[in-house]
Amino acid sequence: MSSLEIKDLEVSVETQDGPKKILHGVNLEIKDGEIHAIMGPNGSGKSTMAYAIAGHPSYEIEGGEVLLDGHNILEGSPDERAKAGLFLAMQYPVEVPGVTVSNFLRTARTAIDGKAPALRPWVKEMKEAMEQLRVDPAFAERDLNAGFSGGEKKRLEILQMQLLHPKFAVLDETDSGLDIDALRVVSEGVNHVHDQVGCGVMLITHYTRILNYIKPDYVHVFARGRVVESGGPELAEMLERDGYDKYIEA
Ligand code: ADP
Ligand code: MG
Ligand code: MG
């Protein structure tokens, strides 16, 4: 049984006026196979949490820890975090000149496993994943610098998630900028990976729309740099109805 536990996480960001505290003690625990939706108003610190977990250099950890199976991943490099089984979409470059999608994915998998996957099974796995996500086979041979659309970038994220077999995936605004068809395909992809790999998912979103397709086990409201309320899917329904006003004013 794996777990991802965020404990009293405090994070500041370096701004022109000096460091600014954004996260004021975030507490959250995800067990493997669980889907947690993190919802909250713009500017509440959701992305800051994702970047801090990913190890983005602009975000300073002021206190607390992030435990993956009991080990504080904040002490490791972003690479080590990925090897430990964390998938953070934003930590992978989406534009790398002269590298195909196919090579990029195989390199990422090699880095995580510590050895290159055998070619035939790998090609088969990649083909199946792309079919499932309804990605054009030609996509695999495209250059990572070839100017992907927003929807294509999202699909690439989900393709990576599927092929890297993470224990936990942090998806920040996977739904933003997707039309309804792309939203459905990406959501199906997340559900498929969740079912197949059994990974825990932290789904960060501002809108309840994606929750029509991805059914969370738990919903957390994020406001003013911390989790202010937790509940089941009914909490998302309440947010859909009432919005975030009461959390902003509180
Ligand atoms: P959310 O993802 O919930 O919309 P963010 O984590 O992006 O919120 O932002 C939280 C707050 O931190 C906002 O007030 C934002 O302006 C501020 N912030 C985040 N990153 C930076 C940065 N690099 N420089 C200055 N302010 C930042
Ligand atoms: Mg589940
Ligand atoms: Mg954000």
Item to complete: Tell me which of these residue 64 doesn't satisfy, since it passes every other one: (1) part of a strand (DSSP E or B); (2) at negative phi.
Response: (2)
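Going through the range 161-185 one residue at a time, which ones are among the β-branched types (Val, Ile, Thr), under 13 Å from the mean Cα position of the chain (by Cα) and either more than 28 Å from residue 67 (Cα to Cα) or modelled with pLDDT under 85 (or both)? Explain how you work it out, then say what you get.
Of all residues in the range 161-185, those among the β-branched types (Val, Ile, Thr) come to 170, 174, 180, 185.
Applying the additional criterion that residues be under 13 Å from the mean Cα position of the chain (by Cα) yields 170, 174.
174 - this is the single residue of the range 161-185 that is among the β-branched types (Val, Ile, Thr), under 13 Å from the mean Cα position of the chain (by Cα) and either more than 28 Å from residue 67 (Cα to Cα) or modelled with pLDDT under 85 (or both).
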Worksheet entry | Residue ranges of strands (runs of 3 or more DSSP E) in the range 191-232 with at least 2 members in contact (Cβ under 8 Å) with a residue 24 or more places away in the chain and away from ligand 3 (no atom under 16 Å from the Cβ) | 200-205, 218-223
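If I ask for residues that are outside any loop (DSSP other than H, G, I, E, B), surrounded by fewer than 19 Cβ atoms within 10 Å (Cβ to Cβ) and touching a strand residue (DSSP E or B) at 6+ places or on another chain (Cβ under 8 Å), which ones from the range 239-250 would you list? Talk me through it step by step, then tell me what you get.
Initially, the range 239-250 is screened for residues outside any loop (DSSP other than H, G, I, E, B), giving 239-242, 245-249.
From the residues that got through so far, the ones that are surrounded by fewer than 19 Cβ atoms within 10 Å (Cβ to Cβ) too are 240-242, 245-246, 248-249.
Correct list: 248 only.
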Worksheet item: If we keep just the residues of the range 9-55 that are of a type in the set (Lys, Arg) and within 16 Å of ligand 3 (Cβ to nearest atom), which is surrounded by the most Cβ atoms within 10 Å (Cβ to Cβ)?
Response: 46
Response to the item:
Scanning the range 57-75 for residues that are within 25 Å of residue 176 (Cβ to Cβ) and out of contact with any Ser or Thr (no Cβ under 9 Å at 6 or more places or on another chain), the one farthest from ligand 1 (Cβ to nearest atom) turns out to be 66
Fill in: the range 165-186, residues that are within 21 Å of residue 126 (Cβ to Cβ) and assigned to a helix (DSSP H, G or I)
182, 185, 186
Worksheet item: Across the range 132-164, what is the total count of residues that are part of a helix (DSSP H, G or I) and in contact with a helix residue (DSSP H, G or I) (Cβ under 8 Å, 6 or more places away or on another chain)?
Response: 18
Worksheet item: What is the one condition in (1) away from ligand 3 (no atom under 14 Å from the Cβ); (2) buried (at least 16 other Cβ atoms within 10 Å of the Cβ); (3) among the hydrophobic types (A, V, I, L, M, F, W, C); (4) over 12 Å from residue 61 (Cβ atoms) that residue 6 does not satisfy?
Response: (4)
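Quick check, is residue 151 away from ligand 1 (no atom under 16 Å from the Cβ) and surrounded by 22 or more Cβ atoms within 10 Å (Cβ to Cβ)?
Values: away from ligand 1 (no atom under 16 Å from the Cβ): yes; surrounded by 22 or more Cβ atoms within 10 Å (Cβ to Cβ): no.
Spelling it out, it is not the case that residue 151 is away from ligand 1 (no atom under 16 Å from the Cβ) and surrounded by 22 or more Cβ atoms within 10 Å (Cβ to Cβ).
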Discussion item. Checking residue 86 against (1) at pLDDT 90 or above; (2) surrounded by fewer than 16 Cβ atoms within 10 Å (Cβ to Cβ); (3) closer than 18 Å to residue 168 by Cβ; (4) aliphatic (A, V, I, L, M): exactly one of these is not met. Which one?
Written reply: (2)
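The values are calculated or read from the model by the stated rules, or taken from the named source; none is laboratory data. These numbers come from a predicted model, not from an experiment. Note that each Cβ is placed from the backbone with ideal geometry, even for glycine, and that neighbours are counted across all protein chains shown.
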